[in-house]
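Visitor: The structure's right below; bear with me while I get my questions together.
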Amino acid sequence: MELFTPDFGLVFWMFVAFIILFFILAKWGWPIILKNIDSRADNIDRGVEYARQAKEQLDSARDEAKKYIDEAQKRQAEMLNEVSKMRSQLVEDAKADAAREAKKVIDAANLAIEQSRKKAELEFKNEVSKFSLEIAEKMLRTQLKSDKAQTDLVNKMLDEIEKN
Amino acid sequence: MLTLVITLFDAALPARAGGDEGKSDLDVKEVIFEHLGDGYGWEVPFSHVYRIPLPVIVRAEDGQWFMFSSAKLTEVIVEEDLATGKKTHHLKPVIHDVERDGKVYHFVIAHVSKHKNKVVELFPLPQEKEAEVKAIADAQMAKPGAEPAANVVGGYCEVDNVYYREYRTLDFSITKNVMALFISVLIVTWMVMSAVRYYTRKGFKAPRKGMGFLELLIDFIYTGVIKDTLHDKARKFAPYLLTCFFFILTMNLLGLIVIFPGGANLTGNISVTLVLATLTFIMTNVLGKKHYWKEIFWPDVPIWLKCPLPIMQIIEIFGIFTKPAALCVRLFANMMGGHMIVITLVMLIFIFAAFGAAAIGGSVVISVIFTIFMVALDVLVSFIQAYVFTLLSTMFIAMAQENGHDEKGADHEDVAEVEA
């Protein structure tokens, strides 16, 4: 039965001890701890949220950067393409120009050759006709030395005219 | 494990002392009750007669206050058996005489008295009266089937075969339990203050190791119990509830350590749990809201249950007191039961010792296995009981803090579940 009877002295000391403990802890203990636990939990939540956002931003930044790089590469390829097209165009143009120029030169040359040939031909003709006239004169001179020959020729010529 | 080994040692010593005399004067009940109860001195580890003296503070019948060392109330008698040379030690109560203002006061720790194991003030009787009292005691002893304690006569105390009139002093002694209480207070204060120091110094740095475990416990109770139940009022009641939890937990675990700083069966003492339950009772009722009192005096039930005959009111008022009473008894019975089972299991060894060596061997193995199991279970129970006390206190307080109907039903169910 002794166990079930509260002992006054112990009740008194228990009360005193608990009240003292309670006041010490309620004043300098628990509020600080609880405030810290709560604010740290908030802090961690905020930190996690911040990290999540940062990751999101990083991801989007990475995507954006990738987009820029892709675009730049595309433009580079386009530009290269254009440049090569332009180059071949230039070469082509240059070739065409050169051909045209050459043709012009050749044509001019041909013309000049033709002209000089015609001129030479003409000169040659004149020369030849002069020579042949001279030859013919000489021949005539030799053949028509006698009067008879002269009369024969005149006759012959008259015959020819008559035939005509 | 250590606790267990020490338990065995501790219990073994008095038993051996008893066994040496050749007769089995091992009083199991006495040993169990001594371990469960309070004492004026604290056992020196591994010795069963020497005690660490503690101050005894008593008020005599004429209102005088006295304070003296508990060592003055006991005496160690060493008996030497001449045949074997073995020494046996006994702890014997002695009368401590204090002279003040020409008057002599006698104090003793009563043994054959209604106030067993308490400090009483003695008044010598005139010879005829003394003989008369002794005759009554002898007559009680002579009855067939009389118990060993049958020589107790109400209002009188026997010391060394002389009867005195006794007065149970008003006793504020720093007994073993009170000392253990102070040690628990110091431990809890140190624990909490070290956490505070940690937070003020390290700020938001995550605690590791011991501090981490402490914070785990704090968070477990604060977030898991207090915040979930009291919501926005959590901060207001958290200091009380957390103090309760840590104080009870510390006392429970300290009680399981058998040697000096521990060993006092504090939470297994009804005085301690009574104070705790009373404080919860005060917290619940003094700070209770209007709605709580309305529920008691005018509950929401059919009118015939409350009007001509206040049936519900009686039940509710009864309930106000049964709730903390249940708290008190639950903690007390659980902890005392645990201690009692462990000590009984250990005592089995010495009970079976009478049947010879084989019985000792067998009972030691079985007892040790069961004791290990029980001590491990007690560690768990220490935690669970501290938790349950805090949980129920929180719920009682929460019920008194409600303003409306919405949550009431749910809370009642929760309480019923836990109580079951």
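The values are calculated or read from the model by the stated rules, or taken from the named source; none is laboratory data. In this text, all values refer to a predicted model and were calculated from it rather than measured experimentally. Reconstructed Cβ throughout: ideal geometry from the backbone, glycine too, with neighbour counts over all protein chains shown.
Visitor: Given the criteria β-branched (Val, Ile, Thr), free of Cβ contacts under 8 Å to residues at least 12 places away in the same chain and within 9 Å of another protein chain (Cβ to nearest Cβ), does residue B:189 qualify? Spell out how you get there, then give the answer.
Guide: Details: β-branched (Val, Ile, Thr): yes; free of Cβ contacts under 8 Å to residues at least 12 places away in the same chain: yes; within 9 Å of another protein chain (Cβ to nearest Cβ): yes.
Yes, satisfied.
Visitor: Also: Out of all the residues in the range B:216-259, which are surrounded by 21 or more Cβ atoms within 10 Å (Cβ to Cβ) and more than 26 Å from residue B:272 (Cβ to Cβ)?
Guide: Once the filter is applied, which keeps residues that are surrounded by 21 or more Cβ atoms within 10 Å (Cβ to Cβ) and more than 26 Å from residue B:272 (Cβ to Cβ), the range B:216-259 yields nothing.
Visitor: Next question. Take residues that are among the β-branched types (Val, Ile, Thr) and tell me which of the strands (runs of 3 or more DSSP E) falling wholly in the range B:36-104 contain 1 or more.
Guide: Values: elements: B:55-59, B:65-69, B:74-80, B:87-93, B:96-100.
Because the criterion is at least 1 residues that are among the β-branched types (Val, Ile, Thr), the strands (runs of 3 or more DSSP E) in the range B:36-104 that meet it are B:55-59, B:74-80, B:87-93, B:96-100.
Visitor: Residue B:334 passes all but one of (1) buried (at least 17 other Cβ atoms within 10 Å of the Cβ); (2) farther than 28 Å from residue B:394 by Cα; which number fails?
Guide: Result: residue B:334 passes all but (2).
Visitor: Given the residues A:62, A:40, which is the only one that is facing chain B (nearest Cβ under 7 Å), out of contact with any His (no Cβ under 6 Å at 6 or more places or on another chain) and either part of a helix (DSSP H, G or I) or surrounded by 10 or more Cβ atoms within 10 Å (Cβ to Cβ) (or both)?
Guide: Values: A:62 fails: facing chain B (nearest Cβ under 7 Å).
A:40 is the lone residue from the list that is facing chain B (nearest Cβ under 7 Å), out of contact with any His (no Cβ under 6 Å at 6 or more places or on another chain) and either part of a helix (DSSP H, G or I) or surrounded by 10 or more Cβ atoms within 10 Å (Cβ to Cβ) (or both).
Visitor: Turning to a different aspect of this structure: Quick one: in the range B:286-331, which of the residues that are buried (at least 17 other Cβ atoms within 10 Å of the Cβ) and assigned to a loop (DSSP other than H, G, I, E, B) is modelled with the highest pLDDT?
Guide: B:288
Visitor: Taking only the range B:356-383 into account, find how many residues are hydrophobic (A, V, I, L, M, F, W, C) and either without any contact (Cβ under 8 Å) to a residue 24 or more places away in the chain or over 22 Å from residue B:340 (Cβ atoms) (or both).
Guide: Kept after step one, since they are hydrophobic (A, V, I, L, M, F, W, C), are these residues of the range B:356-383: B:357-360, B:364-366, B:368-370, B:372-377, B:379-381, B:383.
So of that shortlist, the ones also either without any contact (Cβ under 8 Å) to a residue 24 or more places away in the chain or over 22 Å from residue B:340 (Cβ atoms) (or both) come out as B:357-360, B:364-366, B:369, B:373, B:376, B:380.
Count: 11.
Condition check ((1) surrounded by fewer than 15 Cβ atoms within 10 Å (Cβ to Cβ); (2) at pLDDT 85 or above; (3) hydroxyl-bearing (Ser, Thr, Tyr); (4) in contact with a strand residue (DSSP E or B) (Cβ under 6 Å, 6 or more places away or on another chain)) across all residues:
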{"site": "B:49", "(1), (2), (3), (4)": "no, no, no, yes"}
{"site": "B:54", "(1), (2), (3), (4)": "no, yes, no, no"}
{"site": "B:66", "(1), (2), (3), (4)": "no, yes, no, yes"}
{"site": "B:89", "(1), (2), (3), (4)": "no, no, no, yes"}
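Visitor: Same structure, new question: Could you tell me whether residue B:281 is of a type in the set (Phe, Trp, Tyr) and closer than 18 Å to residue B:245 by Cβ? Reasoning before the result, please.
Guide: Values: of a type in the set (Phe, Trp, Tyr): yes; closer than 18 Å to residue B:245 by Cβ: yes.
Judged against the criteria, residue B:281 is a match.
Visitor: So, residue B:275, is that one closer than 21 Å to residue B:374 by Cβ and either assigned to a helix (DSSP H, G or I) or more than 11 Å from every other protein chain (Cβ to nearest Cβ) (or both) or not?
Guide: On the way: closer than 21 Å to residue B:374 by Cβ: no; either assigned to a helix (DSSP H, G or I) or more than 11 Å from every other protein chain (Cβ to nearest Cβ) (or both): yes.
For residue B:275, the condition - closer than 21 Å to residue B:374 by Cβ and either assigned to a helix (DSSP H, G or I) or more than 11 Å from every other protein chain (Cβ to nearest Cβ) (or both) - is not met.
Listed here are the residues, each with its yes/no results for (1) within 14 Å of another protein chain (Cβ to nearest Cβ); (2) surrounded by 18 or more Cβ atoms within 10 Å (Cβ to Cβ); (3) within 26 Å of the chain's Cα centre (by Cα).
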{"site": "B:97", "(1), (2), (3)": "no, no, no"}
{"site": "B:113", "(1), (2), (3)": "yes, yes, yes"}
{"site": "B:142", "(1), (2), (3)": "no, no, no"}
{"site": "B:164", "(1), (2), (3)": "no, yes, no"}
{"site": "B:175", "(1), (2), (3)": "yes, yes, yes"}
{"site": "B:180", "(1), (2), (3)": "yes, yes, yes"}
{"site": "B:185", "(1), (2), (3)": "yes, yes, yes"}
{"site": "B:195", "(1), (2), (3)": "yes, yes, no"}
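Visitor: Filter the range A:4-54 for residues that are over 26 Å from residue B:269 (Cα atoms) and either among the charged types (D, E, K, R) or in contact (Cβ under 8 Å) with a residue 40 or more places away in the chain (or both) and give the result.
Guide: Taking the range A:4-54 as the starting set, the residues that turn out to be over 26 Å from residue B:269 (Cα atoms) are A:27-54.
A:27, A:35, A:38, A:40, A:42, A:45, A:46, A:49, A:52, listed by residue number.
Visitor: Shifting gears a bit: Tell me, yes or no, whether the range B:252-271 has at least one residue that is part of a helix (DSSP H, G or I) and either at the interface with another protein chain (Cβ under 9 Å from one of its Cβ atoms) or acidic (Asp, Glu) (or both). Full working, then the answer.
Guide: Taking the range B:252-271 and keeping what is part of a helix (DSSP H, G or I), we get B:252-256, B:270-271.
The next check asks that each one be either at the interface with another protein chain (Cβ under 9 Å from one of its Cβ atoms) or acidic (Asp, Glu) (or both); those that pass are B:270-271.
Yes; the residues of the range B:252-271 include at least one that is part of a helix (DSSP H, G or I) and either at the interface with another protein chain (Cβ under 9 Å from one of its Cβ atoms) or acidic (Asp, Glu) (or both).
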